[in-house]
Amino acid sequence: MKGLVSSAATILLVSFVLLFINLQLENKHGRVGKDTITVYNWGEYIDPELLKQFEEQEGIKVIYETFDSNEGMMGKIEQGGTSYDISVPSEYAVQMMEQKDLLLPLDFDKIPNIKNIDPYFMNLAFDPQNKYSIPYFWGTLGIAYNPSLLDGQTFESWESLWDASLRQKVILVDSAREVLGVALNSFGYSLNSTSLQELKEATDKLETMGPNVKAVIGDEVTQLMINNEASVALTWSGQAADMISENEDIDYIVPEEGSNLWFDNIVIPRTATNIEGAYKFINFMLDPEVAAQNAEYVGYSTPNVKALSFMDEEITEDERFYPDEEAREHLEVYKNLGLETLGVYNELFLKFKMGLR
Amino acid sequence: MKNNPLRFVYAVPYAVWMLLFVLAPIAVIVYYSFFDLSGNLTLGNYRNFFSSIYFKLTMSSFWYAFLITFFSLLISYPTAYFLTKTKHKRLWLLLIIIPSWINLLLKTYAFIGLMGLYGPINGFLETIGIGSQQILFTDFSFVFVSVYIFIPFMILPIFNSLDKINPTLLDASKDLGASSWVTFKRVVWPMTIDGVKSGVQVVFIPALSLFMITRLIAGNKVITLGTAIEQQFLVTQNWGMGSTIAVFLIIFMFLIMLLTSGKEKGASANGKTK
């Protein structure tokens, strides 16, 4: 009994000492200070140098947290708890957040740098008049492939993913709308299809791709492609850019039937406590030089038209990552289909994954 | 201590803990499982669970959990047995336990490297002339990595029960003319069965709800109940359906606990009461 009490006392004492040291450290770094903003962004989605630059320039501390899915991010913001001042949802998630009343309307007077954004990317269907959101990056969904590991297959069409020569070679992303989208696109159906008939056709067709599928994974695919472990992957343009920068054999293509065009957008969630700081941050990120540096670091395409002149021409002239407006005609932006339909997509996707061997 | 009136006071933190962190969450899960997406009271989630796809999912989860438990036991029992025979058994046991202190994700990522096309395992297969194989993203890799992760949890209870056997009992069995096999079957096995049962419990139940490894090692070609719950909550945002799957997972756990717990109530896990 005595031993128990003394060991319990020791543990408590150690805990308090650690807590005290921790508080001291936080004070030293000014974390508890008033002027901080909490930025909630995707992983690997900002140049960390820029965060430092912002802190020095504006004297505002940045607490940076990351998420890996729109849904997970929305869940955390909905529950409250942490006061996120900035978040970066994709277009359909902007719509969902707006419906759930999770966003604050933006005041453009506080964001003079808004003028740098290409008008083509403003006033889009998911957020008319950009009431709540400003585009941060955009990109496409396509196929990254490594010709040096293949026998001359090309991917001008989604159909080539079904080719018998690709047995156990294709890596898909673990996301229902993207994967079902491949089959929908191959039929020429809309990526926002809600017709059960079309979705069923798409799933049936996907199931015939089964023998070609090597794995259905997330961001790990980047490393597998770089290390020549995998030769064909369904992936987003920026991820493909990451792969290409590490392994020059890899190429990226958006098949001609069409694909997804997506936007990630800066918003100020309702949980924000330092709204002034959030505006300063947004304005900072829209500065042409900052946006250029960020785009070169992240690898996705920037909607900031002034930034393009600060970037390497090799990047901005690359049609694979900066397709011209004509090429964008074939691309489709996701709409928020509602939870009911999202459930249908995911159940069909689950059925497809269950059939994989 | 037994008749101390204070013992009810001592029980308060425990009772509060159980209420807040065990009973209340289960109640919340059961509550949510009766609601559909638009917040209406429904039994639809349960009906949906018995539809072909979730039923199939449950079956395959059980199959993989069974495989993982079976191979863990197959490796752990002899290992634990030989451990008790070694000179520095505590040291050896510690060496086996240490890997389980390392973060699960780190170990999993290590296996991605080891099992890759250009990893050391394929390098070895290449040199002995078999040629490199696709190891990652197969049933084999999934079961292998899971077994590796669970082995320490299986060895520990079995080791403890083997270690507690009084060696004179084995001598007595031999003196009475029993062969080694009969001694094992009639004396050692019955005395360690409780260790095996608790080992099976701590492996089978988490194996049913493994996730992460299903994606990183099996490339989502194996889908467990755990993965399905994660998807329902985070992607589909259908908390009702996610809760329903969780309710079934809890029911399965209770059934397994019932099946693997000893008959006599309150028996200590080391088999001494037999």
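Observations, loosely collected:
- Using θ = phi - 60° in the Karplus curve 6.51 cos²θ - 1.76 cosθ + 1.60, the 3J(HN,Hα) couplings for region B:118-133 round to 10, x, x, 5, 5, x, 5, 4, 5, 5, 8, x, 7, x, 6, 10 Hz; x is entered for Gly and Pro.
- Radius 11 Å from Cβ of A:Gln95, net charge of other residues (Lys, Arg +1; Asp, Glu -1): -1
- Net lengthening on full extension, B:Trp189/B:Leu106 (0.36 nm per residue, minus Cα-Cα): 26.3 nm
- Plainly put, region B:1-154 has a radius of gyration that is 1.13 times its Kirkwood radius, both from alpha-carbon atoms, as the Rg/Rh ratio.
- Members of B:Lys56/B:Lys185; A:Lys61/A:Lys115; B:Lys174/B:Lys197; B:Lys89/B:Lys221 lying beyond 29 Å, as alpha-carbon distances in this model show: B:Lys56/B:Lys185; B:Lys89/B:Lys221
- Environment charge at B:Thr138 (Cβ cut-off 12 Å; Lys +1, Arg +1, Asp -1, Glu -1): +2
- Centroid-to-centroid separation of region B:166-207 and region A:189-232 [C-alpha atoms, Å]: 50 Å
- Percentage relative contact order, region A:1-92, counting C-alpha pairs under 8 Å, at least six apart: 32 percent
- The shape of chain B can be summarised by an equivalent ellipsoid whose semi-axes, obtained from the alpha carbon gyration tensor, come to 36, 31, 17 Å from longest to shortest.
- Among A:Ile244, B:Ala172, B:Gly129 - extreme Cα towards positive end, dipole of the protein assembly as shown, charges at beta-carbon: B:Ala172
- Rg/Rh for region B:13-102, where both radii come from Cα atoms and Rh is the Kirkwood radius: 1.21
- Partners of B:Lys164 within straight-line reach, counting aspartates and glutamates whose Cα lies under 19 Å from its Cα and excluding those fewer than 8 residues away in the same chain: B:Asp194.
- Taking A:Ala93, A:Ala292, A:Ala164 in turn, the Gaussian network model of chain A (Cα-Cα springs below 10 Å) assigns the largest fluctuation to A:Ala164.
- For peptide B:236-249, the mean count of partner chain Cβ atoms within 10 Å of a residue's Cβ comes to 2.
- GNM remark for chain B: springs join alpha carbons under 10 Å apart, and the peak mean-square fluctuation among B:Pro99, B:Pro190, B:Pro25 falls on B:Pro25.
- Protection proxy ranking, peptides B:123-131, A:71-79, average beta carbon neighbours within 10 Å, highest first: A:71-79, B:123-131
- Calculated on the alpha-carbon coordinates, the convex hull of chain A measures out at 181 cubic angstrom per residue.
- On the beta carbon distance between A:Ile11 and A:Glu317, with R0 = 56 Å, the FRET formula returns roughly 0.35.
- Placing dummy labels 7 Å off each Cα toward the beta-carbon, the span from B:Trp63 to A:Arg328 is 4.8 nm.
- Within the shell defined by Cβ-Cβ distances under 13 Å, the residues around A:Asn265 carry a net charge of -3, with Lys and Arg each +1 and Asp and Glu each -1.
- Annotation: amide H of A:Asn260 within the under-5 Å range of A:Leu141, A:Glu332, sequence separation 5 or more or interchain, hydrogens built in the peptide plane.
- Contact order normalised by residue count of chain B, Cα under 8 Å, 6+ apart, percent: 27 percent
- Space enclosed by the convex hull of the alpha-carbon atoms of the protein assembly as shown, per residue, Å³: 216 Å³
- Dipole check for region B:115-274: with +1 at the C-beta of Lys and Arg, -1 at the C-beta of Asp and Glu, and the Cα centre as origin, the magnitude is about 460 Debye.
- Charge dipole (debye, nearest 20) of region B:145-220; +1 at Cβ of Lys and Arg, -1 at Cβ of Asp and Glu: 200 debye
- A:Phe67 long-range amide H proximity, modeled H, under 5 Å: A:Asn41, A:Trp42, A:Gly43
- Whole-Hz couplings from phi, Karplus 6.51/-1.76/1.60, listed for region B:85-91; x for Gly and Pro: 8, 7, 6, 9, 4, 5, 5
- Counted over all Cα-Cα pairs of region A:1-125, pairs farther apart than 25 Å make up 47 percent.
- For the protein assembly as shown, the 222 nm mean residue ellipticity estimated from helices alone, with every DSSP H stretch of n ≥ 4 adding -39500 (n - 2.57) and the total spread over all residues, rounds to -16500 deg cm²/dmol.
- Size of region A:249-357 as Cα extents on the principal axes (Å, biggest first): 48, 44, 28
- Each residue of region A:227-235 was assigned a 3J(HN,Hα) from its phi angle through the Karplus expression (A = 6.51, B = -1.76, C = 1.60, θ = phi - 60°), giving 7, 6, 7, 9, 10, 9, 9, 7, 7 Hz with x at Gly and Pro.
Readers should treat all values here as calculations from the given coordinates under stated rules, not as data from a laboratory. All values derive from a computational prediction rather than experimental measurement. For neighbour counting, all protein chains shown are included, and Cβ atoms are generated from backbone atoms with ideal geometry for every residue, glycine included.
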